[in-house]
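S.K.: The structure follows.
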Amino acid sequence: MSSTSDNLAAHQNRVAGNGGAFDFPRSVSQRRAYRQCGMLYYLRYGPGWTGKKRKGTYAFGDTWQGVVQGVLQGRLISPQEMYEAFAADWVKFESDPAIEWGSKTGWRFFLERSRKLAEVSFAELRRVIGLPSDAVYDERFTYPLAPGVRETVIPDYVGPALGRCMDGSWLPNQKLTVVDWKTSDREYGVVGVELDEQLTTYQVGVQHMLQEPVAQVGLCVFVYQALPKVQWILRPARPREVVEQFVASAIVDDQRIRRGEFPRNPNACFFRGRCEMVPLCYESQRHLIEEELVKPETPRNPQSLDWLALDAIDG
Ligand code: SF4
């Protein structure tokens, strides 16, 4: 166990910018975790604790994204091929013990829904995007959000797409567009997309890296209902004031993280489901740590939990 003076010295080094913990690019998902609970952020991005289980809906989203990419890259040339490619990849999850299925949304449910979904998806992808020759898929862009603050983004799709008007109509010409693919059991509310920070940081990052203005950003939601549909929510590029507000709030969070401010937020522990870190934070639940959580051998950051207990909780 490290001593108080060791911990203080390490903290001073970090504050002085001498490397150490949490000196890595930020992202929207990091900040979402941080705003939810400082301790959640610390446990996830410090020692690197993660849940052992993964939701079936996430596995479906990742697998579906793979076939969407296959269609746009011209590797899958019909709805049938799209479905078959999905089914071939989906097999690996059939008896995967790490996947947590819903009571009505099991492995077979997604397999069956994907057949009809492929029919509407294939047609929509061809209609709105086509077969782009110069698109970028899942590329990591790391860029300076502000002096000393790096941001990393991995947009699903950067390339041409038809222009979408606010009234829902389509413009005939394609524009540089950043799209995030989503899979959902229902349609998304369209208003939330307007200020969504993920899309804002995609826009800023892509513009910085490609040195080209992005015309529109948005979501393509693959709705896997019995009558499936594809929902395009594309918005014009964020105006300057939205980008400035986004950058300002990201800098504030970055500074707090670098100062080692990781306050617990007990209000978040059971809000919208149970936080995955409950076995670590609640003494009565410690017996569940091994069953539910895993920590890598080498932590992402060399910061000990002892220091955290000293500085951020008791201090
Ligand atoms: S269990 Fe509660 S205090 Fe612990 S990380 Fe989760 S939200 Fe924060």
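S.K.: Given the residues Val193, Val214, Val223, which is the only one that is in contact with a Phe, Trp or Tyr (Cβ under 9 Å, 6 or more places away or on another chain), assigned by TED's automatic domain parsing to the domain that holds Arg127 and within 25 Å of Phe122 (Cβ to Cβ)?
M.R.: Numbers: Val193 fails: in contact with a Phe, Trp or Tyr (Cβ under 9 Å, 6 or more places away or on another chain); Val214 fails: within 25 Å of Phe122 (Cβ to Cβ).
That would be Val223, the only listed residue that is in contact with a Phe, Trp or Tyr (Cβ under 9 Å, 6 or more places away or on another chain), assigned by TED's automatic domain parsing to the domain that holds Arg127 and within 25 Å of Phe122 (Cβ to Cβ).
S.K.: Restricting to region 227-257, name every residue that is among the basic types (Lys, Arg) and closer than 19 Å to Gly38 by Cβ. Write out each step before concluding.
M.R.: Step one: of region 227-257, the residues among the basic types (Lys, Arg) are 229, 235, 238, 240, 256.
Correct list: Arg256 only.
S.K.: How about region 131-213: which strands (runs of 3 or more DSSP E) wholly inside it have at least 2 residues that are without any contact (Cβ under 8 Å) to a residue 60 or more places away in the chain and either of a type outside the set (Ser, Thr, Tyr) or over 26 Å from Tyr224 (Cβ atoms) (or both)? Reasoning before the result, please.
M.R.: Working: elements: 141-146, 149-153, 157-164, 170-184.
Counting at least 2 such residues, we get 157-164, 170-184.
S.K.: Further question: I need a count of the residues in region 264-285 that are under 15 Å from Thr50 (Cα atoms) and either surrounded by fewer than 14 Cβ atoms within 10 Å (Cβ to Cβ) or without any contact (Cβ under 8 Å) to a residue 60 or more places away in the chain (or both).
M.R.: Taking region 264-285 as the starting set, the residues that turn out to be under 15 Å from Thr50 (Cα atoms) are 274-281.
Next cut, either surrounded by fewer than 14 Cβ atoms within 10 Å (Cβ to Cβ) or without any contact (Cβ under 8 Å) to a residue 60 or more places away in the chain (or both) only: 274, 278-279.
Result for region 264-285: 3.
S.K.: Let me ask something additional. Taking the condition at pLDDT 95 or above, surrounded by 16 or more Cβ atoms within 10 Å (Cβ to Cβ), closer than 26 Å to Gln245 by Cα and not polar (S, T, N, Q), does Tyr143 pass?
M.R.: Working: at pLDDT 95 or above: no; surrounded by 16 or more Cβ atoms within 10 Å (Cβ to Cβ): yes; closer than 26 Å to Gln245 by Cα: yes; not polar (S, T, N, Q): yes.
In short, no.
S.K.: Testing Tyr34 on (1) in the same structural domain as Gly260 (by TED's automatic domain parsing); (2) farther than 30 Å from Val204 by Cβ; (3) modelled with pLDDT of 95 or more, one condition comes back false. Which one is that?
M.R.: (2)
S.K.: Would you confirm, using the coordinates I've provided, whether Thr105 is surrounded by 16 or more Cβ atoms within 10 Å (Cβ to Cβ) and in a strand (DSSP E or B)? Don't jump to the end; show me each part of the working.
M.R.: On the way: surrounded by 16 or more Cβ atoms within 10 Å (Cβ to Cβ): yes; in a strand (DSSP E or B): no.
The answer is no for Thr105.
S.K.: Which ones in region 254-279 are within 16 Å of the ligand (Cβ to nearest atom) and within 20 Å of the chain's Cα centre (by Cα)?
M.R.: Step one: of region 254-279, the residues within 16 Å of the ligand (Cβ to nearest atom) are 256-257, 260-279.
Hits for region 254-279 are Ile257, Ala268, Phe271, Arg272, Gly273, Arg274, Cys275, Glu276, Met277.
The values are calculated or read from the model by the stated rules, or taken from the named source; none is laboratory data. From a predicted model like this one, the values you see are computed outputs, not experimental measurements. When we count neighbours, we look across all protein chains shown, and the Cβ atoms used for this are built from the backbone with ideal geometry, even at glycine.
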